[in-house]
Amino acid sequence: MWNVIGSNTTLYRQKIEERQKELELIGYSKEEAQTVKRYQEFLLFLLKRIDSFPVSSQRFIKSAMAKKMSVKEVCRLINDTEEIANLLRFGELVFNQYDCEFAAEIENEHPTKKAAIIRKNLPKYKKELNLSNSHLFALPGEIRYFEFLTDLDLSGNNLLCLPKQVKCLSRLYQLNLSNNLFESFPEEFEFPRQLKFLNLHGNKLLSLPECIGKLTWLRDLDLSSNHISELPREKPKLFSLEQIDLRDNKLTSLPKWINEIWDLRTLDLSGNKLVGLPKDLGRFPRELSKLKTLIIADYVEVPIQLLERERKGNLTITRKEYEFDLFIGAD
């Protein structure tokens, strides 16, 4: 991989521009040519980041690059240098999945063969990117280059925040952030607006982030196993929500707007500090009319109107066994 990157960033940028012109000359669409350019710019980004490290680290890495060592081998040798290891690990994961190296022999091939070599190595319009369990503690802002992503898995890492460039992933509809270290999101942070599935299981959230409440197309929201003690009083704009998992949090009550999530089909409230559900939950015909599955702790009191729906077979209420004292008395 490293053999396509020169140590001179200016020279490499010139090569990027030259290849861009080559692509246009051999009949590539602007969209295809632009995709290649973005990929090459990402390589350049990696090089620039390496140039920003201490001289001793630069010398070590470039020596490894000169020996044509794989990214994995470099990471293994410098695993005590957290920032460098994180950057290279991210690069390794991305490039392994893209499988679109530009071979060094392009520069020396006969012109008639250039088109075939470039097309063979053209980056795929990657729709899924799995970076789970990769020991990442940061996600580079250059994730914005992968604008064709529809599914991004970042679960099982050490992430505390996301770069603002995530909102540029205009095609992303599924995002898995489970088992990270998120406690909150900045007020100015925005998820991609078209997101439909969001998994934040196993983090350290204390409340429902405001940025989630703006996701009007969101259908499935997993907030289980966090530290959420209350939901906002103001109604969020979760107009399309069909499933919400709030199990194993610290909720003691529910806001009135739960009644107004018209498309809600599955609600999991088990493992919280709720003693009973609100008496007006689902009282009127339109309220929670599409709810088919309700999951609660076995000691939680259920309002009579929901018990009536269960009796008629319109609602399934699953009662999980929990120790009453454990959840009600726990801090």
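The values are calculated or read from the model by the stated rules, or taken from the named source; none is laboratory data. Quick caveat: nothing in here was measured; it's all calculated off a predicted structure. Neighbour counts are summed over all protein chains in view; Cβ atoms, including those assigned to glycine, are modelled from backbone coordinates with ideal geometry.
Observations
- Some residue of region 145-154 being in a loop (DSSP other than H, G, I, E, B), hydroxyl-bearing (S, T, Y) and either under 15 Å from the mean Cα position of the chain (by Cα) or modelled with pLDDT of 50 or more (or both): yes
- The set of residues in region 274-298 that are touching a Lys or Arg at 6+ places or on another chain (Cβ under 9 Å) and surrounded by fewer than 17 Cβ atoms within 10 Å (Cβ to Cβ) comprises P278, D280, K290, K292, T293, D298.
- Every residue from region 247-270 that is crowded, with 19+ Cβ neighbours inside 10 Å, touching a strand residue (DSSP E or B) at 6+ places or on another chain (Cβ under 6 Å) and under 13 Å from D220 (Cβ atoms): L267, D268
- Selected residue (only one of L294, L241 is more than 27 Å from E187 (Cα to Cα) and modelled with pLDDT of 95 or more): L294
- Residue within region 271-286 that is of a type outside the set (G, A, S), farther than 27 Å from G156 by Cβ and part of a helix (DSSP H, G or I) present: no
- Of the residues making up region 186-210, those that are farther than 19 Å from K250 by Cα and under 14 Å from the mean Cα position of the chain (by Cα) are F189, E190, F191, P192, R193, Q194, L195, K196, F197, L198.
- Residue among L198, L172 that is assigned to a strand (DSSP E or B), within 22 Å of S240 (Cβ to Cβ) and touching a strand residue (DSSP E or B) at 6+ places or on another chain (Cβ under 9 Å): L198
- Test result for L231, in a loop (DSSP other than H, G, I, E, B), at pLDDT 95 or above and not β-branched (V, I, T): no
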